[in-house]
Amino acid sequence: MKPAAFTYHRARTIPGAVGLLDELGDDAKVIAGGQSLVAMMNFRLARPEHLIDIARIPGLDAITRDGDALRVGALVTHHAVETADLGPGFRVLSDAMAWVGHLPIRTRGTIGGSIAHADATAEWCLLAVLLDALVVVEGPRGRRSIPAEEFFQGVFTTALQADELIVEVLFPRPAPRAALTEYAERRGDFAIVAAAVDLDAARVVLGGVAPVPLRVPAAEAVLAEALSGYECLNDSRALVSYSRAAAAAAEAIEARDEPGLSAHYRRGLVRTLVARACTEASGPEGVG
Ligand SMILES: Cc1cc2nc3c(=O)[nH]c(=O)nc-3n(C[C@H](O)[C@H](O)[C@H](O)COP(=O)(O)OP(=O)(O)OC[C@H]3O[C@@H](n4cnc5c(N)ncnc54)[C@H](O)[C@@H]3O)c2cc1C
């Protein structure tokens with residue numbers, strides 16, 4: 001299928017893109033890598049009258065260290081992160097990119113596009129919540145930083161206003177013992193369930209169980225209590241804690257029987273994936 005007719009605009013600066021968004025209002029959509037938007041336009045699920053191409057705006061494709069923090073520009077592709085040496089504190093970001101679609105998608109799709117699209121199983125959305133990221137956006141009223149947990153508001157719904165552009169995602173702290181894992185029916189598909197954990201922050205985030213990436217306080221409490229006195233995070237005591245945290249996560253989610261996917265099966269995926277993510281985060285691979 002082909003998309004409905006639209007007018008193409010190429011923005012050359014951030015203020016230029018914001019000015020166009022302000023002027024054209026709800027009839028306009030930003031396009032970055034096009035890996036989600038073009039499919040939606042082809043299926044006529046999106047019919048923007050104006051497309052604002054931001055792909056050539058200089059400076060939005062940089063990954064920079066800022067003290068302990070990492071700034072990832074909105075136009076940084078999944079593949080650029082996958083192949084970057086981000087250091088031990090942010091290796092979880094590179095490792096997680098291998099789960100995003102296929103290589104051609106990863107070479108075009110961007111972090112800004114993923115965060116704006118806000119699929120609740122998208123790896124970037126889970127990682128942003130896991131690591132307390134700030135989504136930095138610019139609009140006619142200036143720049144603001146939105147904590148990831150507030151940014152994702154519902155099914156494909158975010159705190160981004162129609163006249164605002166995501167300019168970068170700021171990861172404020174390293175996470176040397178963190179991992180993301182998932183299950184999809186075919187390699188490259190969006191996950192049915194995804195689990196991300198950060199052992200140092202005792203953080204557990206799930207995808208595919210709610211309209212937004214979901215933190216699971218019950219599982220986080222188990223991890224926090226169990227790991228507070230441990231020197232070694234991959235001995236038998238720690239492994240028992242991971243299975244207890246995984247069981248708590250499986251118990252905590254709201255799951256319904258759906259065609260082809262029972263609640264029991266979804267809970268089983270949560271249990272398996274949380275335990276696996278904890279083990280990966282704690283092992284030599286996870287310690288980075
Ligand atoms: C077959 C297939 C499999 C895929 N599998 C996965 C997967 O497993 N995991 C995963 O996470 N993704 C997956 N994707 C989606 C892919 O990661 C996309 O790259 C991503 O969702 C959107 O990034 P994009 O740069 O292509 O954005 P676009 O498609 O250009 O835009 C997507 C949305 O974001 C908005 N937008 C883009 N950039 C900005 C910005 N800077 N500021 C404000 N709004 C912006 C657009 O207006 C649009 O609404 C898959 C895609 C395909 C086609």
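Rolling a 1.4 Å probe over the protein heavy atoms of the chain, with every protein chain left in place, gives an accessible area that is 52 percent carbon and sulfur. The sum of -39500 (n - 2.57) across all DSSP H runs of n ≥ 4, divided by the residue count of the chain, sets its helix-only mean residue ellipticity at 222 nm to -10500 deg cm²/dmol. Please express the Cα-Cα pair-distance distribution P(r) of the chain as a list of whole percents, one per 10 Å bin, running from 0 to the bin with the greatest distance. Whole-percent P(r) values from 0 Å outward: 7, 29, 34, 21, 8, 2, 0.
Sequentially through the range 241-250, phi angles give Karplus couplings (6.51, -1.76, 1.60; θ = phi - 60°) of 4, 5, 5, 5, 5, 5, 5, 5, 5, 4 Hz, Gly and Pro residues having no value and appearing as x.
Using square roots of five times the C-alpha gyration tensor eigenvalues, list the equivalent-ellipsoid semi-axes of the range 63-171 in whole Å, biggest first.
21, 16, 13
Local charge sum around residue 80 (other residues, Cβ-Cβ under 13 Å, Lys/Arg +1, Asp/Glu -1)? That works out to -1. Going by accessible surface with a 1.4 Å probe and the largest first, 8, 183 read 8, 183. Taking the longest Cα principal axis of the chain as reference, the axis of helix 14-24 is set at about 70 degrees.
Less than 5 angstrom separates the built amide H of residue 109 from those of 78, all sequence-distant by 5 or more or on a different chain.
For the range 116-121, putting each phi into the Karplus relation 6.51 cos²θ - 1.76 cosθ + 1.60 with θ = phi - 60° gives couplings of 5, 5, 6, 5, 6, 10 Hz, in residue order, rounded to whole numbers and with x for Gly and Pro.
Based on the alpha-carbon gyration tensor of the range 12-84 and its eigenvalue square roots a ≥ b ≥ c, which shape applies: rounded if a/c is under 1.5, prolate if not and a/b is larger than b/c, or oblate? It is oblate, given that a/c is not under 1.5 and a/b is not larger than b/c. Taking amide H atoms as placed 1.01 Å from N in the peptide plane, the amide H of residue 10 lies under 5 Å from those of 53, each 5 or more residues away in sequence or on another chain.
Taken over the alpha carbons of the range 105-236 as equal point scatterers, the Debye sum produces base-10 log I(q)/I(0) values at 0.16, 0.21, 0.23 Å⁻¹ of -0.83, -1.25, -1.40. Give me the Debye-computed log₁₀ of I(q)/I(0) at q = 0.17 Å⁻¹ for the range 7-53, equal point scatterers on Cα only, no solvent, two decimals. Listed by q, the Debye log ratios stand at -0.45. Here's how it looks for residue 177: its modeled amide H is under 5 Å from those of 199, 200, which are all 5 or more places away or on a different chain.
The values are calculated or read from the model by the stated rules, or taken from the named source; none is laboratory data. All figures in this text were calculated on a predicted structure; none of them were measured in a lab. Backbone-built Cβ (ideal geometry, glycine too); neighbour counts: all protein chains shown. We work out accessible area using only protein heavy atoms, side chains counted, and drop any ligands, DNA or RNA first. Shrake-Rupley method; radii C 1.70, N 1.55, O 1.52, S 1.80 Å.
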